[in-house]
Structure formats: structure tokens, C-alpha cells
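Taking it in order: structure first as C-alpha cells, then the write-up.
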Protein chains: 2
Amino acid sequence: MEENHHQDKVCTSKDLLAVRDALDALSGKWKLEILISLLNGARRFKEIARDIDGISDRMLSKELKELEANQLVERKMYDAFPPVVEYNTTAHTRSLHTVIYALKEWGYLHRKTILEN
Amino acid sequence: MEENHHQDKVCTSKDLLAVRDALDALSGKWKLEILISLLNGARRFKEIARDIDGISDRMLSKELKELEANQLVERKMYDAFPPVVEYNTTAHTRSLHTVIYALKEWGYLHRKTILEN
DNA sequence: CTGGATCCTCAGGGATACTG
DNA sequence: CAGTATCCCTGAGGATCCAG
């Protein structure tokens, strides 16, 4: 980033805000599951709903909207009856791989650490 | 990890649980701020409280306890009056660096992505 | 099928006061 | 200083019904 202010802090307050932004985009009980479902292929509303155990239509709709607002899913509507809507990932979703990988690895490590003591 | 089951999924359901474990350990409004404060050096209760704008004693106490349960902070009590308690990071906290770095980088990228459209 | 509208519950977190 | 105890409020998320 452009300015550093010569601090050797682990994480500046600006950095903290960025971390929060990232976490906020993934916040909510179902977002990750939805993204992972879509990372395995484009899906329609009901297909995602069937894919994710326990999610209600209301929540799926809400989370999809937030993900779309954050450009993490793309919504394609086909003019037909009954309605056909297809959800898919975006380039931005793919950029999440590093984050998901880091969280996953640390999650496994964390569980191991906790169980060992 | 030991078994793969020959799937080429981006993220298995076991992986998702690990991601959730990671996120859970960092959940709560103040945990990251507390960790970052401590990553810049050991601190006493009141020092952390002063470091973090807006946090109440109650929340600081609660979050510190959860972090300690997750071995992300270490609590040292010195027998003295008035009481002296010092909080510090642990080896496990340091292992979080990859995660925080990934989240930070993606957070900046995310903001850039959103603002561009 | 793809959702929107409504109502309800509960846990996260704020404010304040108190104790060893 | 280092926390606890209490009370309260808001918003995330569940359940159910309705509409195009």
C-alpha cells in the first residue's frame, strides 16, 4: 500500500479495517456454504437450497443478495415460466481461495492444538 | 490430511467445518483487536482496555476468557496488591499470521473491487 | 420455481454498579 | 487494579404463509 508511516506494527488500524471488511463479506451463517456449493458449479435457487442442509428459502435469498452486492455471486435470470434463475461464482469469488485455504489450514491446526491440551 | 476420497471438490464438508472452527475462534466484536494489541507486546488488563477504543471491562474480560480457552492468549497472574495480571500472545497466536495476512490482503482487494463498480 | 412479507426467539453486546 | 453481576436492547436468523 502507498504509505507505511514507518511503523513496525504487526497490523495497523487500517489493516484491521481491511480484515474486518473481509470478515464482514463472509459473515452470516450460510455464506461460506453457499459459496462452496457454487464453487462446485453453477446452480439454481432450489438446487442450492437442496444442497445446503437446514437453510430456509428466506435465508438463502437474503444471503445470495448480500453475496451479489459484494460481487461474490452472479445472478442470471432467464425469461421463462416457471422462472429460471442461475447463480454462479465470479472472478472475485475465485480470489477468495487464498483466504479459504488459510482459514481451513488454521482451522485444522487449531482443532489439533486444542485437543492436545 | 489422511483421506481424500478421490473428490475434486474445492472444499469438502470437513474442510468447511475447519473453516468454521477458525472463524469461530476469531468471532466476537473485539477478539481481533485484542490479539493485535497483544501482538504488539504483552499488556495488563487496563492497558488493553485503554488501547481499544470503546470496549467495556465486561466485554474485554469475556473475550479474553474465550481467547484463553482457545489458547490464543496467555494469562499470567502475579501475587500482589493491587492485583497484577499480564496478558500475552502464545505460539498459537503467532500461527494466525497467515490467516490475518490473507484476510487483510483480500480485504483491501475486496474494497477495491467493490469501489470499481 | 423464485422468492417477498410477517412474526417471533434468542444470543451478542452495551450501560451501569459493585467487589476483593 | 482486575474483574462480576444485572438489566436491557438490537439484530441475526428461524418458521410460516403468500405471490408472480
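Throughout, read-outs are computed from the coordinates displayed, never taken from laboratory work. Everything numeric here is computed off the predicted structure, so don't read it as measured data. A quick note on method: Cβ atoms are made from the backbone with ideal geometry, for glycine too, and the neighbour counts reach across all protein chains shown.
Side notes on the structure shown:
- Residue check: residue B:92 meets all listed conditions (1) away from every other protein chain (no Cβ under 14 Å); (2) away from DNA strand C (no atom under 14 Å from the Cβ); (3) in a helix (DSSP H, G or I) but one, namely (1).
- Residue that is part of a helix (DSSP H, G or I) and away from DNA strand C (no atom under 13 Å from the Cβ), where the choices are A:35, A:67: A:35
- Any hit, the range A:6-17, residues being within 16 Å of DNA strand C (Cβ to nearest atom), in contact with a helix residue (DSSP H, G or I) (Cβ under 9 Å, 6 or more places away or on another chain) and polar (S, T, N, Q): no
- Members of the range A:34-65 that are within 16 Å of DNA strand D (Cβ to nearest atom), among the hydrophobic types (A, V, I, L, M, F, W, C) and over 19 Å from residue B:12 (Cβ atoms): A:45, A:49, A:59, A:60, A:64
- Residue list for the range B:38-48, restricted to those being in a helix (DSSP H, G or I) and either touching a Ser or Thr at 6+ places or on another chain (Cβ under 6 Å) or in contact (Cβ under 8 Å) with a residue 12 or more places away in the chain (or both): B:38, B:39, B:45, B:48
- Positions within the range B:44-64 being more than 13 Å from DNA strand C (Cβ to nearest atom) and either within 12 Å of chain A (Cβ to nearest Cβ) or surrounded by 19 or more Cβ atoms within 10 Å (Cβ to Cβ) (or both), in sequence order: B:48, B:51
- Any chance residue B:84 is touching a residue at least 24 places away in the same chain (Cβ under 8 Å) and over 19 Å from residue A:20 (Cβ atoms): yes
- Tally of residues being in contact with a His (Cβ under 9 Å, 6 or more places away or on another chain) and of a type in the set (Ser, Thr, Tyr) across the range B:18-67: 0
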